[in-house]
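The values are calculated or read from the model by the stated rules, or taken from the named source; none is laboratory data. What you are looking at is a predicted structure, and each value in this text was computed from that prediction instead of being measured. Ideal geometry is used to build each Cβ from the backbone, glycine not excepted, and the neighbour counts take in all protein chains shown. Accessible surface is based on the protein model in full, side chains and every heavy atom, while ligands, DNA and RNA are left aside. Shrake-Rupley method; radii C 1.70, N 1.55, O 1.52, S 1.80 Å.
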Amino acid sequence: MQHSPCIELEFEECRQLLGIARKSISGGRRARHDTHAEQAQLSPALTVPRAVFVTLTLQGALRGCIGSMTPEFELVRAVAESAFSAAFHDPRFPPLERSEQAEVIIEISVLSDLQDIQPADRQSLLAQLRPGLDGLLLEEGRHRSTFLPKVWQQLPEPEQFLQQLLLKAGLPRDHWSDSLRFQHYSTLSFSEDDAP
């Protein structure tokens, strides 16, 4: 379990959220609505509005990832909605087949608040990034993209991380302008693969 100093959840709360995500995927829309009725039985930490991403992997490969950069719902509902969307509405993948549902591994990333970065230039931005810790949101006009902190595992160098984030946003990898806007954040990430 990867911890952020900004977000605190107990092990049992993480386990509950993974169970809610699993139920949302297997039970569909009805399970998502049932989540609201269960809120009275949950700890207060799970009813605080939070931004989350839910990532699904199948045999080690990405099978869906959906979330929000800003808190739109209480944490428990955000997890249920994002899990359902990752399974059935990620435009990069076909909807999850019933035969795949038991095989996918669910990972939940709870985001801290976004913090502005105002770099003077590209090198200043690269110097401020904390590999392995920072998620990064990039925006310029209609171009927008983000990488969660776990992407550092595949892109460990700040320059490479930034280049791929720019490409993901539909911009040239060496692009720079004064209108680029950056925000960073951390995550608390936990998965069904985590040891108890």
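General remarks:
- Condition check for residue 86: among the hydrophobic types (A, V, I, L, M, F, W, C), part of a helix (DSSP H, G or I) and open to solvent by less than 60 Å² (accessible area, probe 1.4 Å): yes
- Number of positions in segment 56-77 that are farther than 18 Å from residue 192 by Cα and in a helix (DSSP H, G or I): 1
- Residue in segment 47-65 that is farthest from residue 13 (Cα to Cα), counting only those that are surrounded by fewer than 21 Cβ atoms within 10 Å (Cβ to Cβ) and among the hydrophobic types (A, V, I, L, M, F, W, C): 61
- Candidates in segment 89-106 are the residues that are over 12 Å from residue 53 (Cα atoms) and not in a loop (DSSP other than H, G, I, E, B); of these, the one that is most open to solvent (accessible area, probe 1.4 Å) is 98.
- Residue match in segment 71-80 (condition: in contact (Cβ under 8 Å) with a residue 40 or more places away in the chain, open to solvent by 60 Å² or more (accessible area, probe 1.4 Å) and more than 26 Å from residue 171 (Cα to Cα)): yes
- Subset of segment 159-196 (residues that are touching a residue at least 24 places away in the same chain (Cβ under 8 Å), over 18 Å from residue 139 (Cα atoms) and over 19 Å from the mean Cα position of the chain (by Cα)): 196
- The requirement of being more than 21 Å from residue 20 (Cβ to Cβ) and outside any helix (DSSP H, G or I) is fulfilled somewhere in segment 157-167, by at least one residue.
- Enumeration of residues in segment 91-106 that are closer than 30 Å to residue 180 by Cα and in contact with a strand residue (DSSP E or B) (Cβ under 9 Å, 6 or more places away or on another chain): 92, 93
- Top-ranked residue in segment 107-149 [being touching an Asp or Glu at 6+ places or on another chain (Cβ under 8 Å) and surrounded by fewer than 15 Cβ atoms within 10 Å (Cβ to Cβ); ranked as nearest to residue 23 (Cα to Cα)]: 131
- Residues that are of a type in the set (A, V, I, L, M, F, W, C) and either surrounded by fewer than 16 Cβ atoms within 10 Å (Cβ to Cβ) or in contact with a Pro (Cβ under 7 Å, 6 or more places away or on another chain) (or both), drawn from segment 150-165: 152
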